[in-house]
Amino acid sequence: MTTTSIDPAPQGVMNVSRRGFLGGLVGAGSFVLGASWPLASARAASVNEAFAPNVFLAIAPSGVVTIIAHRSEMGTGIRTSLPMVVADELGALWERVTIEQAPGDRSFGSQNTDGSRSIRRFYDVMRVAGASARNMLERAAAARWNVAHTECTTRGHEVVHESTNRTLPFGDLVADAIALDPPAAEDLRYRTRSELNYVGKGVPITDGQDIVTGRATFGIDATLPGMKYASIERPPVLGGTVRAYDATATLAVPGVERVIELSSSTAPHAFKPLGGLAVIGTSTWATLRGRQALEVEWDDGANASYSSETYDAALLASAQAGGRVVRDEGDVDAAFADATRTVEANYELPLLSHAPMEPPCALARVTDDLCEVWAPTQNPQTAQDMLAGEFGLSRDQVVVHVTLLGGGFGRKSKADFVVEAARLAREVGAPVKVTWTREDDVRHDYYHAVSALSMKAALNGDDDVTALRMSTAFPSISTTFDPTARHGSDGELGQGFSDVPFAVPNIRVENGEARGHVRIGWLRSVANIYHAFGVSTFVDELAAARGRDPFEHWLSMLGTDRDLALGDFYSNYGEPLERYPYDIKRLRAVGQLAADRAEWGRDLPRGRGLGFAAHRSFLASVAVVAEVDVTQDGQLTIPRIDMAVDCGLAVHPDRVRSQMEGAAVFGAGVALAGEITAKDGRIEQSNFHDYKIPRIYEAPQDVRVHLVESGELPGGVGEPGVPPIAPAICNAVFAATGKRIRRLPLARHDLSWS
Amino acid sequence: MVTLRINGDEMSLDDVDPTTPLLWVLRDHLGLTGTKFGCGMGQCGSCTIHLDGRATRCCVLPIRDIDGMSVTTIEGLSEDDDHPLQEAWVEAGVPQCGYCQVGQLMSAAALLADNDEPSDDDIDRAMSGNLCRCGTYTRIRSAIHAAARAMR
């Protein structure tokens, strides 16, 4: 196994022990290191203006090592995994490591925890920080012992001089290390894989004990003395306004103190609060009762014309028409003109809501010169920027405390709910906590886009696939920021569509127009959800049309092992293709691994079936074999899912597995029942009775995750498991029943067979 | 005035609107924030507590309806954070975001109090009211089996 290289050389490690960083987080007299971004020179340029370290590590004279977690914890285990990398390079004992959550602050680099990029973007910088601190402790000990520091190493929270068997604990060296300069990049030595105790093996998550005892603090648990509670009745249609309201009955509810009208959001809605009427009171229950008593007359505005039934039909027509050509190879029109036969299918997927178990919520306290918020945010710097703009404060007058997130899935990247709390706190003159109800959450989300796909293949006289014409249409996330946007961004189109990996000589990828009428946002794996569904189902349909085994057929569609050549239209999740190639060999290997472990081809009775799908996203490849069981009267269960995963180096394998297990459930939710619809601009669903997410007996019963042992650069983990799940399940339904699912969710379909 | 026994302590809730669901009394009035809000209509199980020993969703449970009854929350589940389920949960690495896990644990604890050797079907039935958006179900099932073994 190879060891991941640090590329290019690290830079910018600084000893900041005497510069007062970290305020009260670590004790006085601690040794504190900051390390700036080592990877991209463009980013380093901003670091040079003023020293802006983005990772902190402190060692107190007691020996306690404090590591700052700067990314948001929403269940991936990142608050454990990144500090674990530092601790391992340092040679610290995990039991003596304390983790502190960073507030929103540009000093830490990007804190926008989305895009499955925390490990890939910060793995190296964490190693640099740990290795730098180790080097300084080794030098401090070497000076005491009067030996060469290269003869020293660290192990078990001590510096060790091997040849004389002498040791010095970290804490004893703190005073000496404070006086040292950090090492030059060329003097850093990184541990080899065999020397690492935690990376590639894992440690228990740092918040586990607090979670199982109820002591973990989520956003909804934040409190302040004198705090008021708020619940907000928002315009039911995006962009709607309050025409008139009567709060008499509301104000009569015991505990209700005020009703405050908030100005409605206008397009572009971006991350702005929606407006509405806020009920302020002395308890959550008072505000909820008060809201029920409100009488409001709304002016719905232009989006009242939005109804899913008509919109979705138009969206499919737009997908079929296509229009904007994203990728064009060979001569697709000639191939179709020469075709012996064609295979065509359309696919449709609905709007989806994130529905994190903790709804959006935030606590704020605002004075003339300080705004403080406590919020479960994936993106504290955006909240900081918006709040600074809101109140005319500088960034250092806005403190965003990041709590644990009770789920995020992309919803909590947006700061609308944080700004709501701050506006109300300012208005009320006391701390205010805003808690969204589940109904608020389901009706006012940043929805995953509704989509339609049109897929066509041309086959010649030998039944070879000679051309693919693929077209997708969906309201782009761009519409949330630019109401005139009509097309998907390169990023969205490159999520499993313009990067289709098949070895077909003529390929054209198109994108039809679509408008946005609700706030569209990114949801765990984003456009990959519908693109993987369309592509993976269509390949399964092609296999059936050609009379081939679906898995063998998929292998043959991949063509030869190669790095896929893609043009400028392809953004590769923000990474250069030279660094993270689209490697067909790795995609094929996960497909084979999933098929092998699932015993693809095994005999199953009628009503049971296996389905295959594989997908590369966020620089990782995941292949899935789903087994379904459909009773004659159409009841579906999912007895087993096999997932083969190549995410490069698995820094914390157990958390990779848990993310994949979770992705199987999340993806099953997409397949089974997830559907948001609108009528007259209003969202028709409201809570878990009509927006259904899988329960324990509906979820895949046995999820087997098969990790590819790899020393390649780490890829994404949080999202890549989701896209292949729904198509694998639906391909299995076809194998079991002969029924082809072209429109999600499955709840729309009668699966009975005879 | 409503009186409840909460985690063994007698509590007189004289200043609280008696229509208030127990969930908000626990969270807003008593500072017992381990019990979570998820849906407000008894659909998701995040607010599961034990009411006279039975797993109960308390987001739709006005305190006037449970006067004199005994309530156990996660804060009172074990003396030293050492309920076999809590230990099994950590051992199996069940939690992801962790938000629903208190409710999951309370449902599981009520199950094991009645059934010391539950089958997968028993578990699925007892846990069917508890949603987990992170998708930790397979580990929940194996952790319940592990805790049951430890308790036998």
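The values are calculated or read from the model by the stated rules, or taken from the named source; none is laboratory data. Keep in mind that what you see is a predicted model, and the values were worked out from it rather than measured. Please note: Cβ atoms are built from the backbone with ideal geometry, for glycine as well, and neighbour counts cover all protein chains shown. For the accessible areas, the whole protein counts, side chains as well, though only heavy atoms, and no ligand, DNA or RNA atoms are used. Shrake-Rupley method; radii C 1.70, N 1.55, O 1.52, S 1.80 Å.
Brief remarks on what is shown
- Of A:SER471, A:SER476, all but one fail to be more than 20 Å from the chain's Cα centre (by Cα), open to solvent by less than 10 Å² (accessible area, probe 1.4 Å) and either in contact (Cβ under 8 Å) with a residue 40 or more places away in the chain or within 30 Å of A:ARG365 (Cβ to Cβ) (or both); the exception is A:SER471.
- Only residues that are under 30 Å from A:THR76 (Cα atoms) and either at pLDDT below 95 or not in a strand (DSSP E or B) (or both) were counted in region A:317-358, giving 7.
- Among all positions in region A:638-647, there is at least one residue which is small (Gly, Ala, Ser), in contact with a helix residue (DSSP H, G or I) (Cβ under 8 Å, 6 or more places away or on another chain), at pLDDT 95 or above and in the same structural domain as A:GLU599 (by TED's automatic domain parsing).
- With respect to (1) closer than 26 Å to A:ASP207 by Cα; (2) modelled with pLDDT of 95 or more, the lone exception for B:GLU79 is condition (2).
- Tally of residues being open to solvent by 10 Å² or more (accessible area, probe 1.4 Å), among the aliphatic types (A, V, I, L, M) and at the interface with another protein chain (Cβ under 7 Å from one of its Cβ atoms) across region B:80-116: 1
- Test: residue in region A:709-724 that is open to solvent by 10 Å² or more (accessible area, probe 1.4 Å), modelled with pLDDT of 95 or more and outside any loop (DSSP other than H, G, I, E, B): no
- Residue match in region A:677-690 (condition: open to solvent by 10 Å² or more (accessible area, probe 1.4 Å), in contact with a helix residue (DSSP H, G or I) (Cβ under 9 Å, 6 or more places away or on another chain), at pLDDT 95 or above and within 11 Å of chain B (Cβ to nearest Cβ)): yes
- Any chance B:THR3 is within 28 Å of A:LEU363 (Cβ to Cβ) and of a type outside the set (D, E, K, R): no
- Evaluation of B:HIS145 against the conditions (1) of a type outside the set (Gly, Ala, Ser); (2) open to solvent by 40 Å² or more (accessible area, probe 1.4 Å); (3) at the interface with chain A (Cβ under 7 Å from one of its Cβ atoms); (4) farther than 11 Å from A:VAL212 by Cα shows that the sole unmet condition is (3).
- Qualifying residues in region A:228-257 (those that are in a loop (DSSP other than H, G, I, E, B) and open to solvent by 20 Å² or more (accessible area, probe 1.4 Å)) - the one farthest from the other protein chains (Cβ to nearest Cβ): A:GLY239
- Taking the criterion of being closer than 26 Å to B:TYR99 by Cα, within 12 Å of chain A (Cβ to nearest Cβ), of a type in the set (A, V, I, L, M) and open to solvent by 10 Å² or more (accessible area, probe 1.4 Å), the residues of region B:1-51 that qualify are B:LEU30, B:LEU32, B:MET41.
A quick yes/no check of all residues on (1) part of a loop (DSSP other than H, G, I, E, B); (2) over 29 Å from A:ILE78 (Cα atoms):
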position: A:GLN632; (1), (2): yes, yes
position: A:ASP642; (1), (2): no, no
position: A:VAL645; (1), (2): no, no
position: A:ARG655; (1), (2): no, no
position: A:MET660; (1), (2): no, no
position: A:ALA663; (1), (2): no, no
position: A:GLY669; (1), (2): no, no
position: A:GLY674; (1), (2): yes, no
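- Among residues of region A:284-298 that are away from chain B (no Cβ under 11 Å) and in a strand (DSSP E or B), those with a beta-carbon under 6 Å from a residue that is basic (Lys, Arg) and open to solvent by 40 Å² or more (accessible area, probe 1.4 Å) at least six positions away or on a different chain give the pairs A:GLU297/A:ARG243.
- Region A:210-227: number of residues that are assigned to a helix (DSSP H, G or I), under 30 Å from A:VAL259 (Cα atoms) and not β-branched (Val, Ile, Thr): 2
- Residue in region A:202-209 that is within 8 Å of another protein chain (Cβ to nearest Cβ) and in a helix (DSSP H, G or I) present: yes
- Under the condition of being touching a residue at least 12 places away in the same chain (Cβ under 8 Å), closer than 18 Å to B:VAL2 by Cβ and either open to solvent by 10 Å² or more (accessible area, probe 1.4 Å) or more than 12 Å from every other protein chain (Cβ to nearest Cβ) (or both), the residues counted in region B:60-76 number 11.
- For the residues A:ILE741, A:ILE693, the requirement of being farther than 26 Å from A:TRP554 by Cα and part of a loop (DSSP other than H, G, I, E, B) singles out A:ILE693.
- Look at region A:84-107: where a residue is of a type in the set (Ser, Thr, Tyr) and a partner is open to solvent by 20 Å² or more (accessible area, probe 1.4 Å), sitting 6+ places away or on another chain with Cβ atoms under 7 Å, you get A:THR98/A:VAL64; A:SER107/A:ALA52.
- The lone exception for A:ASN460 - which of (1) polar (S, T, N, Q); (2) under 21 Å from A:ASN112 (Cα atoms); (3) surrounded by fewer than 24 Cβ atoms within 10 Å (Cβ to Cβ) it fails: (2)
- Subset of region A:415-457 [open to solvent by 10 Å² or more (accessible area, probe 1.4 Å) and aliphatic (A, V, I, L, M)]: A:VAL428, A:ALA430
- Residue within region A:272-281 that is part of a helix (DSSP H, G or I) and either open to solvent by 20 Å² or more (accessible area, probe 1.4 Å) or assigned by TED's automatic domain parsing to the domain that holds A:GLY389 (or both) present: no
- Count of residues meeting criterion [in a helix (DSSP H, G or I) and not β-branched (Val, Ile, Thr)] in region A:402-456: 18
- Taking the conditions (1) open to solvent by 10 Å² or more (accessible area, probe 1.4 Å); (2) closer than 14 Å to B:ARG141 by Cα; (3) more than 7 Å from chain A (Cβ to nearest Cβ); (4) without any contact (Cβ under 8 Å) to a residue 24 or more places away in the chain in turn, B:ASP124 satisfies each one other than (3).
- In this entry, A:PRO380 is excluded by the filter for residues that are at pLDDT 95 or above and under 23 Å from A:THR437 (Cβ atoms).
Each row is one residue, and each column tells you yes or no for (1) within 14 Å of chain B (Cβ to nearest Cβ); (2) in a helix (DSSP H, G or I); (3) modelled with pLDDT of 60 or more; (4) surrounded by fewer than 24 Cβ atoms within 10 Å (Cβ to Cβ).
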| site | (1), (2), (3), (4) |
| --- | --- |
| A:LEU33 | no, no, yes, no |
| A:TRP37 | no, no, no, no |
| A:ALA42 | no, yes, no, yes |
| A:ALA45 | no, yes, no, yes |
| A:ASN48 | no, yes, no, yes |
| A:PHE51 | no, no, no, yes |
| A:PHE56 | no, no, yes, no |
| A:SER62 | no, no, yes, yes |
| A:PRO83 | no, yes, yes, no |
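- Of all residues in region A:173-201 being part of a helix (DSSP H, G or I) and open to solvent by less than 20 Å² (accessible area, probe 1.4 Å), the one that is nearest to A:GLY255 (Cα to Cα): A:VAL174
- Filter result for the condition that a residue is surrounded by 18 or more Cβ atoms within 10 Å (Cβ to Cβ) and farther than 28 Å from A:SER525 by Cα, over A:ASP88, A:ASP114: A:ASP88
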